[in-house]
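Engineer: Please see the structure below; I have some questions.
Where a number appears in this text, it was derived from the coordinates with a stated rule and is not lab data. Computed from a predicted model, the values in this text were never measured in an experiment. Glycine also receives a Cβ, built like all others from the backbone with ideal geometry; neighbour counts cover every protein chain displayed.
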Amino acid sequence: DGIPVRPIESTIHAATTKISKFLDKILRPIFDDKCKDTTIIDGASLITELSKYNKKSLLKSTTLFCTFDIRNLYTMLPQEETLDILMKFLHAHGYRKVKGISIDTIKKLASIILKDNVFAYGKKIYKQTTGGAMGSSLTLTLANIFMSAWQKKLLKNKPRRANFMDDKYIDDIFMTWNRSKEELRKLL
């Protein structure tokens, strides 16, 4: 109804800012490296991926293009599931420590970022109970890791021999599909 509103809080002076920046500094390079094949970073990388897809003769006159956006991803991230996915992501890529810090400690620190996010508005103090703060450095990386896990689930459920391009830019998904609209609807 009307203009959508998203809460964005300044975390410049928040108690968790330094922890958030630190975790983002050590975790984002891992995500960027491990997920570069399915992550679009800009318009040029999308064109490059489409070109590769075309060179495989998969881009046809009947190819369907599908894009969708996950609304309010940052503020709607399920906190516990996001922390579990972070741990699975690090384990899956062979990490037990990152820059000398155990992944259990990383999980505890990330939990503080997500679960102890408080802010003041109108002379009242609020605690965010779902998702992460839009202004927090770590929230983007956690959202990317969460979406990467979701993307893998989608790929596991695709029909056999279904060739399609599936890439994402944070909360925006871009797909090509060479089968029927009905099969695409079923997949999604």
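Engineer: Sort Tyr126, Tyr53, Tyr121 so that the residue with the fewest other Cβ atoms within 10 Å of its own Cβ comes first and the one with the most comes last.
Structural biologist: Sorted ascending by nearby Cβ count, the order is Tyr121, Tyr126, Tyr53.
Engineer: State, to one decimal in nm, how far the label point of Leu64 lies from the label point of Lys18, with both points 7 Å from Cα in the Cβ direction.
Structural biologist: 5.2
Engineer: If I fit a long axis through the Cα atoms of helix 17-34 and take the longest principal axis of the Cα atoms of the chain, what angle between them do I get, 0 to 90°, rounded to 10?
Structural biologist: On a 0 to 90 degree scale, this one is about 20.
Engineer: Also, quick follow-up: By a straight-distance test (C-alpha under 21 Å), which lysines pair with Lys52 as possible cross-link partners, with residues fewer than eight away in the same chain excluded?
Structural biologist: Cα-Cα hits under 21 Å: Lys34, Lys36, Lys60, Lys152, Lys158, Lys168.
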